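See structure below.
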Amino acid sequence: MPQQPKELRRLALAMGGVSLAGYAVDYGFNLGLTRFLTPHAYGDYKVAFSFAFFLGLAVLLGGDRAAPLMLSPAIQEGRPRKVWEYLLFYFKTASLLGGLAILLTWVLSALHVGGVDPEDHHVLAWAVVAVPLNAAAAMVSRTLQSAQLQVRASLPWRVGLPLFQLALFALVVAWRGQLTVYEAVFIAVVATAGLTWWQWRDIRRLGLVEVRRDRAASEPRVWLKASLPMMGAFLVALALNQSDLFFLELLGNENDVGHYAAAAMAAHFVPLLQVATVGLIAPFIRPALDRGAEASRTLFRQGLTLILASVLPVAAVLVLFAGPILGLFGPSYRDSLGTLIALVLGNVSWALAALSSLWLQYQRRGVVVLVVSILTLALDSLLNLLLIPRYGMEGAAASTAMTLSLSAAMILWLHWRHPSPSSSSVEKLESED
């Protein structure tokens, strides 16, 4: 763990650079998509992508979220077989649950259930095949993060993947003169598979994992006790961020989906910086917990300072220049200016509480965080049902902003009541077993 704030700031600057580059590339990627696809098709692509991404993390049962907590000690102790046992357990889990998700989606499709009918307009039935692949990609990347190689873990996905996809899109358009949403999804799957394989070879080359069994190191009960509450809280938060697209798809008009997706993409820079900072801090939390409450408080203060220093200036720029930013997508996308501002404000509210949420989970209060998240999702769903039919995408954005703000306030209050853990949650889990 970095011993000085200066060292942590250097890592934060590196991750901030990755986030900035990734955001710029992703912005260009989405701009390219809006040129290649109609607003309707662009909205369908974003919905399908969100669907496959969400399920790809859900089938891991939180194994990716708990990886820094569980794998960091094994990597530091030079136990690559234990790392393989952890990865293998969650690979198998994701393969089983992902296969069931694919089967269920295709059964619904065979019954011509509209939203997943491949003979209708939607690409969900095709995007679902990427679910196990997305799960594997998340685990491989988290292994590098657990080894405190955060830049190496993030750079290929933040920068390399959208660049690779956009290049393939351009080749298809140059060859055929057009790009369909189905081709876009297929290219995304191929690009993700290639990058996952490349990063898997990277962790093998670094000696972080040895593909040999060490059954004595297999602790699925301990892993699941740690990962399931984290998975629940994270997936509910992710569902909260993605649910507006699905509600708009059901209750709004088709063009609103594409316009909302553009605004959400622009506002995404705020949670991107927040996630980058939390990912930077996560591998250092367990050593801080082991050293005591004061070390934990010091690390928390450093992390919160970094979040504030990165998020607030970016949020100000997004609000002040919302019109020109959206205008890059096309003149019609300026209609989502109010949507962008509301999403930015909601994302800033949650960014202030993100580290508190993580700390509560490491205090073995993940169930409390999960309950707050579920209540937040329920409220957001209710507000979407009430507001979208009347206000369209502005109603969806207002719903998200209000519910994120309320959730952040509750998480901050809970952390204020339980500010500093005194020992590692993993040690407690292991002693109970």
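All of the numbers you see were taken from the coordinates with simple rules; none came from a lab. Keep in mind that this is a model prediction, so the values were computed, not measured. Glycine also receives a Cβ, built like all others from the backbone with ideal geometry; neighbour counts cover every protein chain displayed.
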Whole-Hz couplings from phi, Karplus 6.51/-1.76/1.60, listed for region 14-24; x for Gly and Pro: 5, 5, x, x, 4, 5, 5, 5, x, 5, 4
Applied in sequence order to region 307-313, the curve 6.51 cos²θ - 1.76 cosθ + 1.60 (Karplus, θ = phi - 60°) yields integer Hz couplings, x standing for Gly and Pro, of 4, 4, 5, 9, 6, 5, x
Say we join alpha carbon atoms closer than 10 Å with springs in a Gaussian network model of the chain; which of 147, 41, 24 then has the biggest fluctuation? 24
If one computes the Cα centroid of region 19-83 and of region 295-326, what distance in Å separates the two points? 21
Amide H contacts under 5 Å for residue 180, placed H, 5+ residues apart: none
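Divide by every residue of the chain the summed helix terms, -39500 (n - 2.57) for each DSSP H run of at least 4, and state the resulting mean residue ellipticity at 222 nm, rounded to the nearest 500 deg cm²/dmol. Don't jump to the answer; show the numbers that get you there.
Numbers: 18 runs with 352 residues, N = 433.
Computed mean residue ellipticity for the chain: -28000 deg cm²/dmol.
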Once the principal axes of the Cα atoms of the chain are found, what is the range along each, listed largest first in whole angstroms? 56, 43, 38
From the phi of every residue in region 395-403, what ³J(HN,Hα) in whole Hz does the Karplus formula 6.51 cos²θ - 1.76 cosθ + 1.60 yield, where θ is phi - 60° and glycine or proline is x? x, 5, 5, 4, 4, 5, 4, 5, 6
Once exposed loop trypsin sites (Lys or Arg not before Pro) are cut out (DSSP; at most 14 other Cβ, 10 Å), longest piece of the chain: 214-433
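Using a simple charge model, +1 on the beta-carbon of Lys and Arg, -1 on the beta-carbon of Asp and Glu, nothing else, what dipole does the chain show about its Cα centre, in debye to the nearest 20? Could you put the intermediate results ahead of the total?
Numbers: 32 positive and 27 negative charges, 309 e Å.
Using only the charged Cβ atoms, the result is roughly 1480 debye.
Which is the longest run of the chain containing none of the GluC sites (Glu not before Pro) found in DSSP loop states (not H, G, I, E, B) with at most 16 other C-beta atoms within 10 Å?
Numbers: sites that count: 77, 119, 210.
By the stated rule (loop sites, at most 16 other Cβ atoms within 10 Å), 211-433.
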For the chain, longest principal axis from Cα atoms; helix 161-176 axis from its Cα atoms; angle between them, nearest 10 degrees, is 30
